[in-house]
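Presented below is the structure to which this report refers.
The values are calculated or read from the model by the stated rules, or taken from the named source; none is laboratory data. These numbers come from a predicted model, not from an experiment. Cβ coordinates were reconstructed from backbone atoms using ideal geometry, including for glycine residues, and neighbour counts include every protein chain displayed. Each accessible area value is taken on the protein alone, full model and side chains, heavy atoms only, with ligands, DNA and RNA left out. Shrake-Rupley method; radii C 1.70, N 1.55, O 1.52, S 1.80 Å.
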Amino acid sequence: MNFVLLEKRDKIAIIRINRPDKLNALSPEVLDELEKAVKEVSEDKEILSAIITGTGKAFVAGADIGYIKTLDEEGGYRMALKGQEVFSAIENSPKVFIAAVNGYALGGGCELALACDFIIASENAVFGQPEVNLGIMPGWGATQRLVRKVGMNWAKYLILTGERIDAKTAYHIGLVQKVVNHDNLMDEAINIANLVAEKGPLALRLSKEAINKAFDLGDFGFRYEALLFGKTVGSKDKEEGINAFFEKRKPNFFK
Ligand code: CO8
């Protein structure tokens, strides 16, 4: 694996998204490697908790925008389902997943953090769902998990404005559980992962399963998100939004 590094330390695992030159943007290749790492961690009897983090100045700056540019409506729908599957494997894993957010967690990056059981953030972390800036919408679970985790008002605010928020604000709205000094992020995350790993494995697994049931509303919302994501990916607004991103200018969306 090149784009995702997996390290095991006794009862904990560290998964690093490792594509720093593109701010760890999730291309299909990165997503495939992440899927393998999550599966390996989930099936490893020795491991009880896992940390997901990013190399360099970003956690994950989103799905790969260059790749989204190539997709039509059907391709967008398929890719939305694929990412949802990987993120649901994290959410439903018998292991406890901690997102250690070291920098940008935007779009699909914020959705990856949301799929984890909780989030520890560096004071430098930046969160957001900027898809609307590109003429598209979230497709990897934010319309569902953000509502469940921070409530409908903040979910709407973040998704409909595309505004980025800092770690302090993310803590304030309940998205982040702890904000720490940037240099201490991994030490803090490892301490928490070890704290979890001291507990009874059965108790951890069943507690997580029971908590997830609190919002077990079935797959309908996620499937609907993927379907609508596909529609935005098939739109002229996407062409304009993504061209504007690469040309570093403001988009002129269609009425
Ligand atoms: N995809 C592809 N490349 C990216 C991405 C991305 N999401 N983010 C950054 N990059 C690339 C840049 O193009 C640049 O590449 P190059 O050096 O070749 O020009 C490199 O990473 C460094 O980025 P910047 O020069 O832009 O770095 P800055 O520090 O100036 O800015 C930002 C950092 C603010 C994070 C800026 O890069 C940015 O705005 N990135 C895009 C953030 C974004 O819009 N994310 C959402 C993407 S859409 C999404 O995630 C949808 C999820 C659901 C998908 C469902 C199926 C596909």
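Of the listed requirements (1) within 30 Å of Leu48 (Cα to Cα); (2) in the same structural domain as Glu131 (by TED's automatic domain parsing); (3) aliphatic (A, V, I, L, M); (4) out of contact with any Leu (no Cβ under 8 Å at 6 or more places or on another chain), Leu160 misses just one: (1).
Got a number for residues in region 143-165 being free of Cβ contacts under 8 Å to residues at least 60 places away in the same chain and part of a helix (DSSP H, G or I)?
Taking region 143-165 as the starting set, the residues that turn out to be free of Cβ contacts under 8 Å to residues at least 60 places away in the same chain are 145-147, 149-165.
Right, trim to part of a helix (DSSP H, G or I) and you get 145-147, 149-150, 152-161.
Number satisfying all stated conditions: 15.
Applying the criterion of being open to solvent by 30 Å² or more (accessible area, probe 1.4 Å) and in a strand (DSSP E or B) to the residues of region 171-198, the residue that is farthest from Phe97 (Cα to Cα) is Val179. Restricting attention to region 35-64, the residues that are under 15 Å from the mean Cα position of the chain (by Cα) and touching a residue at least 60 places away in the same chain (Cβ under 8 Å) total 7.
Among the listed residues Lys231, Lys208, Lys168, identify the single one that is buried (at least 17 other Cβ atoms within 10 Å of the Cβ), assigned to a helix (DSSP H, G or I) and not acidic (Asp, Glu). Every option except Lys208 fails the conditions.
Residues of region 63-97 being of a type outside the set (D, E, K, R) and under 30 Å from Pro201 (Cα atoms), which ones? Passing the criteria: Gly83, Gln84, Val86, Phe87, Ser88, Ala89, Ile90, Asn92, Ser93, Pro94, Val96, Phe97.
Look at (1) surrounded by fewer than 23 Cβ atoms within 10 Å (Cβ to Cβ); (2) touching a strand residue (DSSP E or B) at 6+ places or on another chain (Cβ under 7 Å) and you find that Val132 fails only one, number (2).
Checked against (1) open to solvent by 80 Å² or more (accessible area, probe 1.4 Å); (2) assigned to a helix (DSSP H, G or I), Glu240 meets all criteria but (1).
Residues are listed down the side, and each one gets a yes or a no for (1) modelled with pLDDT under 95; (2) of a type outside the set (D, E, K, R); (3) more than 13 Å from the ligand (Cβ to nearest atom):
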{"site": "Gly141", "(1), (2), (3)": "no, yes, no"}
{"site": "Leu175", "(1), (2), (3)": "no, yes, yes"}
{"site": "Lys178", "(1), (2), (3)": "no, no, yes"}
{"site": "Leu195", "(1), (2), (3)": "no, yes, yes"}
{"site": "Ala214", "(1), (2), (3)": "yes, yes, yes"}
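Conditions tested, residue by residue: (1) charged (D, E, K, R); (2) more than 8 Å from the ligand (Cβ to nearest atom).
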residue	(1), (2)
Arg78	yes, yes
Phe97	no, yes
Tyr104	no, no
Gly107	no, no
Cys116	no, yes
Ile119	no, yes
Val126	no, no
Asn133	no, no
Pro138	no, no
